[in-house]
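Read the figures in this text as sums done on the coordinates, not as results from a lab. Given the structure is predicted, the values throughout are model-derived calculations rather than measurements. Cβ placement follows ideal geometry from the backbone for every residue including glycine, while neighbour counts extend to all protein chains displayed.
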Amino acid sequence: MATRFVTTHECDASDNFKQAYINTKEEDIVIIESPIGMLGRAIKNKFIDDVNMGEKKPFTCPYHCIKTCDYEKSPYCIFFSLLSAQKGDFNNGFVFAGSNAWRATEIISVEKLIDTLLEEYERCYATSGISAQSNSVAISD
């Protein structure tokens, strides 16, 4: 669900970060292994290609922020790569994204997104034959 909120005006990520979602095609979403040993979905870019080809991205690790990160053997620093990407610097980072990030088509307000989610909810129940009102939570202004 968080993926839907990345391309909102209120999200504090850079416009380049948001645009990465908008420019993504379905086949650009890949599974990567992060330096902390966990898998994650990301938008494929040159940084990820370089890491996959064995290019070590040099870094220093001033934080040792995550216990499971073997910073001496890791091809890059997860903290710096995510911070770089959040600022829109994709030469030094990459964008984690949900599997449906490629469906983002524009940057909108959270208000418009909530309206869209409610419309999708209503449409889902309309096609299922179940009353949306009987299954919804009251939302007040």
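The fewest-to-most ranking of Glu27, Glu55 by surrounding Cβ atoms within 10 Å reads Glu27, Glu55.
Exposure proxy ranking for Thr116, Thr60, Thr24, based on other Cβ atoms within 10 angstrom of each Cβ and starting from the fewest, stands as Thr60, Thr116, Thr24. The alpha carbons of the chain stretch over 56, 30, 28 Å along the principal axes, in descending order. Here the gap between Lys25 and Cys124, fully extended at 0.36 nm per residue and compared with their Cα-Cα distance, gives a gain of 33.2 nm. Taking the number of Cβ atoms within 10 Å of each Cβ as an exposure proxy, the fewest-first ranking of Met53, Met38 is Met53, Met38.
The distance between label points at Asp15 and Thr116 comes to 1.9 nm (points 7 Å beyond Cα on the Cα→Cβ vector).
For the options Pro75, Pro35, Pro62, a Gaussian network treatment of the chain with springs between C-alpha atoms closer than 10 Å singles out Pro62 as fluctuating the most. Springs between Cα atoms under 10 Å define the GNM used for the chain, and in it the highest mean-square fluctuation of Thr68, Thr127, Thr105 occurs at Thr127.
Just want to confirm a number: the relative contact order over the chain, from Cα pairs under 8 angstrom separated by 6+ residues, in percent. Once divided by the residue count of the chain, the mean separation gives 32 percent. The stretch between Glu33 and Glu106 holds 23.4 nm of extra length on full extension. This uses 0.36 nm per residue minus the Cα-Cα distance. Restricting attention to the chain, close to 90% of DSSP beta bridges with both partner residues there are antiparallel.
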